[in-house]
Amino acid sequence: MTVSPHKKAKALKPGSRRPAKELCSECGLCDTYYVHYVKEACAFLNQQIAELETVAHGRSRDLENEDDWYFGVSQEMMAARKQTPIEGAQWTGIVSTIACEMLERGLVEGVVCVQNTAEDRFQPMPVIARTPEEVLAAKVNKPTLSPNLNVLEEIEQSGLKRLLVIGVGCQIQALRAVEQELGLEKLYVLGTPCVDNVSREGLQKFLDTTSRSPETVVHYEFMQDFRIHFKHEDGSIEKVPFFGLKTNELKDVFAPSCMSCFDYVNSLADLVVGYMGAPFGWQWIVVRNDTGKEMLDLVRDQLDTQEVMSKGDRKAAVQQSIPAYDKGVTLPMWAAKMMGVVIERIGPQGLEYARFSIDSHFTRNYLHLKRKYPQKLEQHVPEYAKKIVGQYKLPE
Ligand code: FAD
Ligand code: SF4
């Protein structure tokens, strides 16, 4: 009797199941029998964004086009918000609405999304939702590493043929790499941008260090006004300026995978829904291919939209932040607040804010990788990210 490679993989020793070791983002692939594809599929072992872009979108980024370096392959970008927001969603609930529509119209039979456990609102619990109610139970970010792909075996076993997967970049890279093995007729991918994710313990440290009332936080976001907005159980909003973060204490809080990631904008999703390229209060949408357009068309009549805009010049602020972050400088709160106000008035907005955030994170991650894993630098950093980082002077 021949044993399928899937089943053989199940026999791997537990210790050998996460070959990315400390760089593992716990995407979930290694919890399934698809682990035997890990060396090719893992985003941290085999960076292959350009190759996978060509398969998913028909082309990879044009390295002569600055919008492509930053935002990836796209057909269309816009700012949007739901005319009737979903109560309790991360933003206005565009992601949940698209997923519900796809189920209701029979375009898909299941949606991979992330609910939370009964005990802990921030502990992710990936599920395959079969009803709009189950999709809505997954609304709002669980701001921690989530093993979304651990449901992959269930997909094959349950005979699902049409599937929507919602996820962040590292999960989607591994998913695209094994897409052909899943036996699906049609896969739709709805991505969100993602940066600076943390383990559940890391999240606790971040909340304890930064919020006035960590135990009542229900939701938070690093906003386009250069402040973190914490929403508390009583509905109140606490705002903490980025520049007041205790960078020295928080330096090690972000997951090592996220300190080595250059796929902030979820390059391989069909459609991306975030906020960072949109004006304050709006969501940012990037349609990467025809499948993404088909998904967005389902909800266009429920959205207010406007064209993307870009204002300000990020470059000096990024250059100054590089050594400040490197040395773990923390400003006193009064100075941080003042700086927040000034930068909000004259600082980068819209797409320029997104570029500011991408530049700051890519330069930081490039330095981290260069110092800690110099042997990985050449293969792991995509060409578009090398171009972005190359615009700045980095310390040794
Ligand atoms: P909702 O309708 O509330 O739906 C949220 C969806 O997110 C749910 O379907 C759920 O399945 C999924 N989800 C929740 N937690 C996770 C998780 N840990 N991993 C994978 N999927 C999850 N946008 C930016 O522009 N810049 C950022 O830096 C940025 N960072 C993010 C970091 C994380 C960890 C996540 C999950 C998202 C991030 N986003 C970022 C996206 C943004 O915060 C919103 O999720 C997005 O705009 C959708 O809002 P919504 O109201 O439409 O989502
Ligand atoms: Fe496996 Fe995913 Fe971790 Fe890579 S990131 S080692 S594929 S679980």
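Check each of the GluC sites (Glu not before Pro) in the stretch 99-165 and keep only those in coil by DSSP with at most 16 other C-beta atoms within 10 angstrom; list them in order.
Glu119
Label-point separation (nm) for Ala118 and Thr305, each offset 7 Å from Cα along Cα-to-Cβ?
4.3 nm
Compute the semi-axes of the equivalent ellipsoid of the chain, taking the square root of 5 times each eigenvalue of the Cα gyration tensor, and list them largest first in whole Å.
Square roots of five times the eigenvalues give 31, 25, 22 Å.
Kindly flag which residue pairs out of Lys205/Lys239; Lys251/Lys315; Lys139/Lys315 have an alpha-carbon separation exceeding 26 Å in this structure.
Lys139/Lys315
May I ask you to compute the full-extension gain from Asp297 to Thr84, defined as 0.36 nm times their residue separation minus their alpha-carbon distance, rounded to one decimal in nm?
75.0 nm
Sorted by packing (mean other beta-carbon atoms within 10 Å per residue), highest first, where do 206-215, 278-287, 160-169, 120-129 land?
The densest-packed peptide leads the list: 160-169, 278-287, 120-129, 206-215.
Starting from the Cα of Glu185, move 7 Å in the Cα-to-Cβ direction to define the label point; list residues of the stretch 103-138 whose amide nitrogen is under 14 Å from there.
The answer is 106-110.
What order do Lys251, Lys327, Lys205 take when sorted by accessible area (1.4 Å probe), most exposed first?
Greatest to least solvent exposure: Lys327, Lys205, Lys251.
What is the spin-label model distance, in nm, from Thr209 to Asp326 if the labels are put 7 Å beyond Cα along the C-beta direction?
Computed distance between label sites Thr209 and Asp326 equals 2.0 nm.
By per-residue mean of other Cβ atoms within 10 Å, what is the highest-first order of 265-273, 349-357?
265-273, 349-357
Of all DSSP beta bridges in the chain, what percent run antiparallel (nearest 5)?
Antiparallel bridges make up about 75 percent of those DSSP assigns within the chain.
What trypsin sites (Lys or Arg not before Pro) in the stretch 64-108 are in a loop by DSSP, with at most 15 other Cβ atoms within 10 Å of the Cβ?
Arg105
What do you reckon, how do Val95, Val108 stack up by accessible area (1.4 Å probe), largest on top?
Val95, Val108
Return one whole number: the accessible area per residue of the chain in Å², for a 1.4 Å probe.
I get 44 Å² per residue for this part.
List the GluC sites (Glu not before Pro) within the stretch 29-94 that DSSP assigns to loop and that have no more than 12 neighbouring Cβ atoms inside 10 Å.
Of the GluC sites (Glu not before Pro), the ones in loops of the stretch 29-94 whose Cβ has at most 12 other Cβ atoms within 10 Å are Glu64, Glu87.
Using the Cβ atoms and a cut-off under 13 Å, what net charge is assigned to the surroundings of Glu396, where Lys and Arg are +1 and Asp and Glu are -1?
Once positives and negatives cancel, what remains is +2.
Which value, in Å² rounded to 10, gives the accessible area of Phe362 with a 1.4 Å probe and all protein chains present?
Here the accessible area works out near 10 Å².
Tell me the carbon and sulfur percent of the accessible area for the stretch 127-179, rounded to whole percent, probe radius 1.4 Å.
About 47 percent, which is the carbon plus sulfur part of the accessible surface.
The values are calculated or read from the model by the stated rules, or taken from the named source; none is laboratory data. Computed from a predicted structure; not experimentally measured. Note that we place each Cβ from the backbone using ideal geometry, even for glycine, and neighbour counts take in every protein chain shown. To get the accessible areas, we keep the full protein, side chains included, count just its heavy atoms, and leave off ligands, DNA and RNA. Shrake-Rupley method; radii C 1.70, N 1.55, O 1.52, S 1.80 Å.
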